[in-house]
Amino acid sequence: DAGITQSPRHKVTETGTPVTLRCHQTENHRYMYWYRQDPGHGLRLIHYSYGVKDTDKGEVSDGYSVSRSKTEDFLLTLESATSSQTSVYFCAISEPPTGTLYNEQFFGPGTRLTVL
Amino acid sequence: AQKITQTQPGMFVQEKEAVTLDCTYDTSDPSYGLFWYKQPSSGEMIFLIYQGSYDQQNATEGRYSLNFQKARKSANLVISASQLGDSAMYFCAMREANDYKLSFGAGTTVTVRA
């Protein structure tokens, strides 16, 4: 199994509070991703990183920011949490493919966030 | 626009029978990859099988096979000889060339009955 951990695994917070989720990898993979999973929507990309300090937005980035100061850590921050951000958050990692379309993404265990 | 469509929210299958999970996709890129992931009730995402748009043969991995119909833009997952442990949610996903992001479908929940 790819070495990916997420912390915390569960969190309950109140509307308006800041929240930071951490993804840590031991695989030295260049690409890291944050997804949220909601019923009926599958997984949707929030932000991703293609290197240290290199990040870009995904399809549901509003209300989220990210930072990556070193290869192994990718942080997702909710500046002011809202109830609509109650979700399960997954981190994933991958290497860029070389001469092939195949690049498997390896997923972390997920963080269940509840915003009251 | 939705790139991946999974039209079956839930399915029941009898143990030892085969089940087909539908997935259609939308892309104008001739180069793309299709992935299936399994998510059991424990929550982790498990990679199952991959099909590249230029692959001539349908992908197979053990009891999993991918029925790839390029002209119809469909990539259905077939699970043969279902086991109780196959009960899970299954996601179809696609990556287009020069884009490292995966687009996921909404998922299909499979329940295997003894």
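Just a few scattered comments:
- Length released on extending from B:Q8 to B:K73, taking residue separation times 0.36 nm less the Cα-Cα span: 21.7 nm
- Ascending count of other beta-carbon atoms within 10 Å, so fewest first, for B:S28, A:S83, B:S103, B:S65: B:S28, A:S83, B:S65, B:S103
- Prolate/oblate/rounded call for chain A, Cα gyration tensor, a/c under 1.5 rounded: prolate
- In plain terms, the residue of B:W36, A:W34 with the fewest other Cβ atoms within 10 Å comes first and the most crowded comes last, giving B:W36, A:W34.
- Cα centroid of the stretch B:69-114 to Cα centroid of the stretch A:6-50, whole Å: 22 Å
- Net dipole in debye of chain A [+1 Lys, Arg Cβ; -1 Asp, Glu Cβ; about Cα centre; nearest 20]: 200 debye
- Report note on the peptides B:56-63, B:94-101: ranked by the mean count of other C-beta atoms within 10 Å, highest first, their order is B:94-101, B:56-63.
- Set B:K38/B:K73; B:K3/B:K70; B:K3/B:K73; A:K57/B:K70 screened for pairs whose C-alpha atoms are more than 19 Å apart: B:K38/B:K73; A:K57/B:K70
Computed from the coordinates by the stated procedures, all read-outs in this text should not be read as laboratory data. Treat the numbers as computed from the prediction; the structure is a model and nothing was measured. When we count neighbours, we look across all protein chains shown, and the Cβ atoms used for this are built from the backbone with ideal geometry, even at glycine.
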